[in-house]
Amino acid sequence: MARRGLIAWLTGRRAEVGPAAPVLRRPPTREELLDAVQTVEQLVAREAVPAAVASRVARVTATVRQILPRLDRLGPGSLEAYSVVATATDYLPEAVGGYLRLPRDWANRRPVDDGRTSLMVLIDQLDLLARTMEQVADAVNRQDAAALVAHGRFLAERFGHRGDRGLDLPPSTSGRLAPPPGVQP
């Protein structure tokens, strides 16, 4: 590559320029994701939407809010983390915005897709987003539960037993813990 540049310079020709490197945007911060969710909530509250839409949007946004503090546990670049970010910043706003751009009466009554109205299409989209976000929340919770179980197994191995008996400490007659064997009080 450098040789071509040198030859081009010596001969007075322009060096071939390859494609520009893509510009990578930084991922949105937790605050930016919360702002995106809040914007959709405010939009739904401000517009005249059916209760079925408002409740489904609330279900999606509540689940996203539940996941956000633990989003880093999904790992950078994971499909689940991407799904949460995309839901907050793109999928949810686009679904709701597409419905709100239509005249309400037309959107709620006119079939547009296989006999379904725009309202029905939106409800199906919101249900899908809610199920997906709940699956992601379950994945995060399972990771935390697995860590708790692993820690419990570690403690059981470390202290030599499992069960409700507690730690195997020497008995005490004074109500205080007795010192370990070989240690003078």
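The values are calculated or read from the model by the stated rules, or taken from the named source; none is laboratory data. Treat the numbers as computed from the prediction; the structure is a model and nothing was measured. Cβ atoms come from the backbone with ideal geometry, glycine included; neighbour counts cover every protein chain shown.
Values computed for the structure shown
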quantity: Check on residue 25, surrounded by 11 or more Cβ atoms within 10 Å (Cβ to Cβ), out of contact with any helix residue (DSSP H, G or I) (no Cβ under 8 Å at 6 or more places or on another chain) and at pLDDT below 90; calculated: no
quantity: Unmet requirement for residue 184, which otherwise passes all of (1) modelled with pLDDT of 90 or more; (2) of a type outside the set (D, E, K, R); (3) over 30 Å from residue 92 (Cβ atoms); calculated: (1)
quantity: Residues being out of contact with any Leu (no Cβ under 7 Å at 6 or more places or on another chain) and under 16 Å from residue 28 (Cβ atoms) - total across region 71-82; calculated: 7
quantity: Residue in region 88-99 that is farther than 24 Å from residue 47 by Cβ and either acidic (Asp, Glu) or in contact with a His (Cβ under 8 Å, 6 or more places away or on another chain) (or both) present; calculated: no
quantity: Those residues of region 91-128 which are closer than 17 Å to residue 59 by Cα and touching a Lys or Arg at 6+ places or on another chain (Cβ under 8 Å), in sequence order; calculated: 123, 124, 126, 127
